[in-house]
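The values are calculated or read from the model by the stated rules, or taken from the named source; none is laboratory data. This one's a predicted model, so the numbers in the text were calculated from it and none came from an experiment. Don't worry about glycine lacking a Cβ; one is built from the backbone with ideal geometry, like all the others, and counts go over all protein chains shown. Protein only, heavy atoms only, side chains kept; ligands, DNA and RNA dropped before computing areas. Shrake-Rupley method; radii C 1.70, N 1.55, O 1.52, S 1.80 Å.
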Amino acid sequence: MHSPTSTHMQDVKRLLRYLAGIVSQGVLLASSSAAELAAYYDSDWASCPTTRRSTTGYCVLLGKSPISWKAKKQSMVARSSAEAEYRAMALTTCEVTWIKSLLRIWASST
């Protein structure tokens, strides 16, 4: 966010082209829900039969509206389901921390 590069600009353009192509689809943003941040995460330990890597997923809600979500294979093999869950929680915590900082910046600028 503080020092964007040309790669970041390419990613933004790709995202905008994607969004322009799916105008008829969307995410419902509820206007009547409270402005509370909630996050949910889960992992599926060793779900890939080939690599034995776990899959992590999370969803962050602002009120009743989803504002961020992700599902991906973890980069390393977890030795236990607890380790896979811990990695999922750490990834979700990073995302929530980033969103909170964005919301703070937005609130201070309005």
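Summary of values
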item: The range 13-110: GluC sites (Glu not before Pro) in DSSP loop, at most 15 other beta carbons within 10 Å; result: Glu36
item: Gain in span if fully extended, Leu103 to Ala82, counting 0.36 nm per residue against the direct Cα distance; result: 4.5 nm
item: Top positive-direction residue, dipole computed over the chain with Cβ charges, set Tyr18, Trp106, Val96; result: Tyr18
item: Cβ-based charge dipole, the chain, positive-most Cα from Ser75, Ser32, Ser47; result: Ser75
item: Cα-based helix-to-principal-axis angle, 81-109 vs the chain, degrees rounded to 10; result: 10 degrees
item: Accessible area per residue in Å² at 1.4 Å probe, computed on the chain; result: 77 Å²
item: Near-label residues of the range 35-52 by backbone N, under 20 Å of a point 7 Å along Cα→Cβ of Lys72; result: 39-52
item: Scaled radius of gyration (Cα, divided by 2.2 N^0.38 Å) that the chain gives; result: 1.28
item: Estimated distance in nm for a label pair at Gln10 and Cys94, the labels positioned 7 Å out from Cα along Cα-to-Cβ; result: 2.2 nm
item: Whole-Hz ³J(HN,Hα) from phi, Karplus 6.51 cos²θ - 1.76 cosθ + 1.60, for the range 14-22, glycine and proline x; result: 4, 5, 5, 4, 4, 5, 5, x, 10
item: Carbon/sulfur fraction of accessible area - the chain, other protein chains in place, 1.4 Å, %; result: 60 percent
item: Loop-resident sites, the range 7-110, for trypsin sites (Lys or Arg not before Pro), counting at most 11 other Cβ within 10 Å (DSSP); result: Arg52, Arg79
